[in-house]
Amino acid sequence: MPLDAVWRGIRDELSRSESGAGQQTVGSSPAPLAEPMLPTHEVSSDSPSPPVRRRSRVLVVLAAAIGVIVGIGATAIANFMQTDDAQVLSSTPLVALPGHSGEGTAELIRERETTELRVRVEGAPPQQEFREVWLINADGKRMYSLGVLSAAGTGTYPLPARLGSSLERFNIVDVSIEPYDGNVLHSQNSQVRGTLPG
């Protein structure tokens, strides 16, 4: 092979090598590695999260308020039902005494560990006077004033502590008509009267 042909071949090979190397350096230079795509959670100005949290707080407050209302309602119902649990220990009709009209009942009741006298009198109340409820002893000489009877003719009175539920023979229930004279003694003018058994 002629020498010049050999040199041409070498030159051409070198040219191809340099051209390929240049192409690799420029064209195949490693591109910067892309950063890994991580999941992102952008919060925009119109994100629904804050309103949701506010609604949650409102619901909690409403639930608490409803609970309080329900509790109060249950307590009121329980108290109302307890008032109907009174045990009647004894009772007597109240009948009008001579010269008077009207009738009624007297009941000795026990409610919540307390003994009381419940009185009801039917008939028009006196116009210029008031009515008073008494417990009179069977001997007719001793008595306790329990209090004024309302104009409606009903009243419930705790018994004097020393009597308890036995009454100690103070078992005559008397409703008197009393003048507004400041005198605390019985007027000796009784409208109705009855005797509790015992």
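The values are calculated or read from the model by the stated rules, or taken from the named source; none is laboratory data. Source: prediction; values computed, not measured. FYI the Cβ positions are ideal-geometry reconstructions off the backbone, even for glycines, and counts take in every protein chain you see.
Key figures for this structure:
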read-out	value
Those residues of the range 107-141 which are aliphatic (A, V, I, L, M), under 39 Å from the mean Cα position of the chain (by Cα) and farther than 12 Å from Gly153 by Cβ, in sequence order	Leu108, Ile109, Leu117
Residues of the range 101-110 classified as surrounded by fewer than 16 Cβ atoms within 10 Å (Cβ to Cβ) and modelled with pLDDT under 95, total	2
Of all residues making up the range 144-180, the number that are over 35 Å from the mean Cα position of the chain (by Cα), modelled with pLDDT of 95 or more and of a type outside the set (Ser, Thr, Tyr)	9
Filter pass, Gly147 being surrounded by fewer than 16 Cβ atoms within 10 Å (Cβ to Cβ) and assigned to a strand (DSSP E or B)	yes
Residue within the range 150-172 that is in a loop (DSSP other than H, G, I, E, B), touching a residue at least 24 places away in the same chain (Cβ under 8 Å), farther than 17 Å from Ser101 by Cα and of a type in the set (Val, Ile, Thr) present	no
Matching option when the condition is on the phi < 0 side of the Ramachandran plot, out of contact with any Asp or Glu (no Cβ under 8 Å at 6 or more places or on another chain) and not β-branched (Val, Ile, Thr), among Glu116, Glu111, Glu132, Glu122	Glu116
Residues that are within 45 Å of the chain's Cα centre (by Cα) and in a loop (DSSP other than H, G, I, E, B), drawn from the range 183-195	Val184
Gly198 in contact (Cβ under 8 Å) with a residue 24 or more places away in the chain and either in a loop (DSSP other than H, G, I, E, B) or aliphatic (A, V, I, L, M) (or both)	yes
